[in-house]
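A.B. asks: What follows is a single structure, and I will ask about it in a moment.
Computed from the coordinates by the stated procedures, all read-outs in this text should not be read as laboratory data. What you are looking at is a predicted structure, and each value in this text was computed from that prediction instead of being measured. All Cβ positions, glycine included, derive from the backbone under ideal geometry; neighbour counts span all protein chains shown.
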Amino acid sequence: MVEDWRLMGQESYLAGRSLRFARWTPYRLDWDHDHCDFCSAEISDDQTGHADFNEAWVTADDDYTWVCPKCFNDFRERFGWIAAER
Ligand SMILES: [Zn+2]
């Protein structure tokens, strides 16, 4: 079976994590966007249409790793993600 191109060893740090759906906010003040950890879609609060998503899933305990809605749906079973309350 051919592995999905988006899978690059994320199991080592993302398996079993809690993720919550949220509007994008910067992890640090000087960051203006993030990328989906799987497909690299751009996630930001940019309103000019440049961002692929303004809202996405983010690791609930550290707000650090972002996953776009499509990849969340595609991989949530494989990774055993828990959808956390906001
Ligand atoms: Zn994605």
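A.B. asks: Only loop residues by DSSP count here, and only those with at most 15 other Cβ atoms within 10 Å; note down the GluC sites (Glu not before Pro) in the stretch 1-68 that meet that.
C.D. replies: Sites meeting the loop and neighbour criteria: 3.
A.B. asks: Under a Cβ-only charge scheme (Lys and Arg +1, Asp and Glu -1), can you give me the dipole magnitude of the stretch 21-81 about the Cα centre, in debye to the nearest 20?
C.D. replies: 240 debye
A.B. asks: Also: Roughly what % of DSSP beta bridges within the chain run antiparallel, to the nearest 5?
C.D. replies: That works out to approximately 75 percent antiparallel.
A.B. asks: Can you give the angle from 0 to 90° between the axis of helix 69-79 and the longest principal axis of the chain, with both taken from C-alpha atoms, to the nearest 10?
C.D. replies: With both axes taken from Cα atoms, the answer is about 30 degrees.
A.B. asks: Okay, moving on. Under the √(5λ) rule applied to the eigenvalues of the Cα gyration tensor, what semi-axes describe the equivalent ellipsoid of the chain? Give them in Å, descending.
C.D. replies: Taking √(5λ) for each Cα gyration eigenvalue gives 21, 15, 11 Å.
A.B. asks: Count neighbours as other Cβ atoms within 10 Å of each site's Cβ, and list the trypsin sites (Lys or Arg not before Pro) in the stretch 1-75 that are DSSP loop with at most 11 such neighbours.
C.D. replies: 28
A.B. asks: Turning to a different aspect of this structure: Tell me the chymotrypsin sites (Phe, Trp or Tyr not before Pro) within the chain that lie in a loop according to DSSP and have at most 15 other beta-carbon atoms within 10 Å.
C.D. replies: The qualifying sites are 5, 27, 31, 64.
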